[in-house]
Amino acid sequence: MAEALTTQEERAVDEFLAELRNPEQRGAVLVSRGTAVKFLMARKFDVSRAIDLFRAYRNTRLKEGICDINPDEEPLRSELLSGKFTVLPHRDAKGAALALFTARLHRPDYTTHKAVLQAIIYQLDKAIESIQTQRDGLIFIYDMTNSTYGNFDYELCVKILNLLKGAFPARLKCVFIVSSPLWFRAPFSVLRLFVREKLRERVCTVKAHELASHIPMDSLPEHLGGRSRYSHVAWIQACINSERTGVPLSPRSSAPASKDKLNANVRHHHHHPRQRQPNCQNWNGSTHGAAVVGADLGGGGDRLADHGKAGQGGSPGAKRNGLGGQSPLDWDAPPDAAPHQKVSDGTGRRDVVRAGLDGGEEGWPPQKTPRRPSRCQDLRPAGEQAQSVHVPEHGGMAVKELLQYVKRKKKKGIYQEYEEIRKEPPAGTFEYSKKLSNQIKNRYSDVLCLDHSRVTLTTRHDADDETSDYINASFMDGYKRVNAYVATQGPLPKTFGDFWRMVWEQRVLIIVMTTRVVERGRVKCGQYWPLEEGSADVYGRFQVRNSRIEMFQDFKLSHLELCDSQSGERRDVAHYLYVSWPDFGVPKSASAMLDFRAQVKRHQEAAFQAMCTDWTGPAGGPPLVVHCSAGIGRTGTFCTLDICLSRLDDIGTVDVRQTVRRMRSQRAFSIQTWDQYYFCYRAVLEYAQRRGLLPPVEWSDTELETDSE
C-alpha cells in the first residue's frame with residue numbers, strides 16, 4: 001500500500017506531470033504518476049530539482065543507448081544472473097536500502113558498459129518501488145575484496161557514480177568502498193580523486209571488517225563480516241515476479257528462497273510464449289506510432305509498450321520468463337573464474353554469454369543443440385578426425401631464441417601478448433551449458449563449455465532430466481594427440497555421479513587435480529573421492545574405493561578402484577592431487593610442477609600399456625582428466641606445459657602463444673591470468689636448463705605483484 005501524500009505533495013506531483021506533458025500527443029505525459037513521485041521524493045518534492053533529475057536520468061540513458069530494458073534478452077539476462085550487482089534484503093539502521101557491486105565479478109573486456117548499467121538501472125528501479133527506499137535513500141557498497149587489476153574499469157566506475165549522484169530517482173546516502181590493497185595503488189589514484197570531488201562527504205573507504213561499525217551486522221552479508229545470508233537469484237526472481245503480477249516489491253522480497261521453489265516457479269512459466277516488446281522509439285511514450293499514455297521511464301523494467309499492448313491478448317506475465325540458475329555469489333565466485341564470455345552476432349554488437357536461460361537468439365523457446373558424439377569421436381570433417389590442433393609445424397622458437405624473446409619482452413611484454421589472446425572472442429557457442437537444467441551443474445555461471453568440444457555423457461534413460469548427458473567438461477587435444485585431455489571443473493556434490501560416469505565412459509586411467517578442496521577458507525572443489533585409505537563411497541551407480549595412498553613432497557597419489565554396480569566390472573584409476581600451488585599467484589619455480597608432470601606421464605604410459613590391447617580409441621590412449629576449481633586456470637597451465645614440452649622434446653621448438661590460442665578454441669578462456677601465461681614461458685626455460693639445452697639463467701626482470709590463483 002503506497003504512503004498517502006500530503007496535499008502539498010499532491011500539488012507537486014500535478015505540477016511535475018503538467019511540466020512534462022507532450023503537446024504533440026494531446027496532453028499525454030512522459031511518465032506515470034508513480035514515477036513522478038519517485039523523482040519528487042528524491043528531491044524532497046522540489047519540483048524544479050525533480051524535473052532536472054528526471055532530465056538528467058533520461059539523458060544518461062539515451063547517452064548509453066538504454067531505451068528498452070528487457071530482462072529476458074541477452075546480454076542483460078546473463079548480466080542479471082551474474083550476481084555482479086544486487087540489492088540486499090536488509091537495510092541499515094536508518095532504513096536505507098543496501099546495494100552491492102562486487103568488483104571481482106566484472107571483466108571490462110568481456111562485457112559492455114551498457115549491459116552493466118542496464119542491470120543496475122533495472123534492479124534499482126525495482127528497489128525504489130518501495131516507499132521506504134524512496135524516503136530513506138540508498139547505500140551503495142563497492143566491494144573490491146579479492147579483485148584484481150583485470151577487474152578495474154575506470155570509465156564504468158565514473159558512469160555508475162554519475163548515475164547515482166545526479167541522475168537516479170533515489171537519494172544516495174553513502175558510498176562504501178570496501179578496499180583492497182589495489183585501491184591505494186597508482187592506477188586508482190584518478191578514480192580516488194574523482195570520487196572525492198564528486199561525492200565529497202558521502203564516500204567512505206573501509207576494510208571489510210569495518211563495515212559493521214556503519215551497517216548492522218544482521219544486514220551485512222557473511223563475506224563482508226556480517227550475519228546476513230541472501231540469494232541473488234531470489235532477488236532477481238522477485239523482480240521478475242513484480243513485473244508479472246504488477247505488485248511492487250516488498251522490502252524483504254529478496255530474502256533467501258528455496259531453490260526448489262524458485263526452480264518450480266521458473267518451470268511453471270516455461271511454456272508461456274514469450275512476446276517480444278517493440279523497441280522504444282523515443283522518450284515521449286510512442287512505440288511504433290502508437291500513443292502510450294502513462295508510459296513509465298522510472299520502473300517496471302521500462303515497460304513502455306505495456307499500455308500499447310492492452311487488449312491484444314498479451315499480459316505482463318507472458319512477456320517475461322523467470323530467471324533461474326544459481327548465482328556465483330551463492331557459492332562464492334572463483335578467484336580463477338573465467339572472464340565474461342563474448343560472442344559477436346555479425347553486427348558488431350557484443351553479447352555476454354554467461355549462465356543465462358537456455359534457447360537461441362530469441363531465448364524462448366529453447367532450441368535443440370546437436371549433441372557431440374560420446375567417447376573420443378570428433379566433429380572435424382572426415383579425413384581430419386585424427387588430426388590434433390597441436391602438430392609439428394614451422395614457426396615457434398628454439399629455447400635460446402625463446403630465452404632472448406622473454407628477456408627482451410620482459411613481463412610487461414608477455415602480459416601484453418596475453419592480453420591480445422584474452423581479447424579474442426571464443427571460437428563457438430555455449431548454448432548447451434546455458435540450458436536451464438544445466439545451469440545448476442556449472443560450478444561457476446561464467447565458466448561454460450563450448451558446444452563443439454563438450455564431453456557428452458550417455459543419456460540416462462531413468463533420469464527425469466532430458467540433459468542427463470551434460471557435464472561441464474571439454475575435450476582438448478594434446479601434442480599430436482586428439483582428445484588427450486578432458487578439462488573439467490571441480491565436481492559439485494550434485495555432479496559427483498556424473499563425474500564418475502564420465503571417468504567410466506571415457507575409460508580414464510589418470511585424474512589430475514591441481515587445487516585443494518578448500519583454499520583460503522573457500523570450497524574450491526567437492527570431496528568427490530573417498531579420502532581415507534581403505535574407505536569406499538558410492539556415487540550414483542559407481543562404488544569408489546581408496547585402496548592405497550602414496551605421499552610425495554608436492555602431491556598425493558590415491559589408487560582408486562572403480563566398480564560399476566550394474567555390470568560388476570572393476571577398473572583402477574589413479575588420482576593425483578597436486579598440493580604445491582601457492583594460495584596466491586603462481587609458483588616462483590616450476591621445478592615441482594615439472595616433476596609432477598613427469599610422474600603423471602610415466603604413470604599414464606604404463607597404465608595404457610597394460611590396457612592397450614583392449615583400447616579402440618584414438619592413439620595415445622584414454623584422455624587425462626585435468627581439473628582445478630573452474631577448469632580453466634591451473635588446468636590450462638598444466639595442459640599448456642605438457643603440450644609445449646612434448647613439442648620441444650619432439651622437434652626442438654616451442655610456441656606458447658599459438659598453443660594457448662588453440663587450446664582456448666576447445667576449452668574457452670584456458671590460462672585465465674597473465675601470470676599463469678608468463679609461468680608457462682618460465683617453466684619451458686627451466687625445463688630446457690634441466691635438459692642441458694640452456695645454461696643457468698639470471699633474471700633481471702623485477703617480479704610484479706599478482707593477485708590471481
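Structural remarks
- With a simple spin-label model that places each label point 7 Å from the Cα along the Cα-to-Cβ direction, the separation between Lys207 and Arg49 comes to 3.7 nm.
- Ordered by the count of other Cβ atoms within 10 Å of each Cβ, fewest first, Arg541, Arg422 give Arg541, Arg422.
- 3J(HN,Hα) along the range 621-638: x, x, x, 8, 7, 10, 8, 10, 8, 8, x, 9, x, 5, 4, x, 5, 4 Hz, from the Karplus curve 6.51 cos²θ - 1.76 cosθ + 1.60 with θ = phi - 60°, whole Hz, x for Gly and Pro.
- Counting only DSSP beta bridges whose two residues both lie in the range 429-647, roughly 75 percent are antiparallel.
- Amide proton proximity set for His390, modelled H, under 5 Å, gap of 5+: Lys480, Arg481
- Under the Karplus curve 6.51 cos²θ - 1.76 cosθ + 1.60, θ = phi - 60°, whole-Hz ³J(HN,Hα) for the range 397-405, x wherever Gly or Pro sits: 9, 5, 5, 5, 5, 4, 4, 5, 4
- Listed residue (Gly617, Ala473, Phe552) projecting farthest to the positive dipole end of the range 429-647, Cβ model: Phe552
- Residue-wise HN-Hα coupling along the range 204-219, computed from phi with Karplus coefficients 6.51, -1.76, 1.60 (Hz; x: Gly, Pro): 9, 8, 9, 8, 3, 6, 7, 4, 5, 7, 10, 10, x, 4, 5, 9
- Between the amide H of Leu220 and those of Arg227, Ser228, distances stay under 5 Å, these residues lying 5 or more places away or on another chain, with hydrogens modeled in the peptide plane.
- Near Tyr539, the amide H atoms lying under 5 Å from its own belong to Val544; only residues 5 or more places off or on other chains count, and H is placed 1.01 Å from N.
- Least to most buried among Val697, Val47, Val178 (fewest other Cβ within 10 Å first): Val697, Val47, Val178
- Extension gain for Lys410-Ser589 works out to 62.7 nm (0.36 nm per residue, less the C-alpha to C-alpha distance).
Taken together, the values in this text are just the output of simple stated rules run on the coordinates, not laboratory data. Please read all numbers here as calculations on a predicted model, not as lab measurements. With ideal geometry, Cβ positions are generated from the backbone for all residues, glycine too; neighbour counts draw on all protein chains shown.
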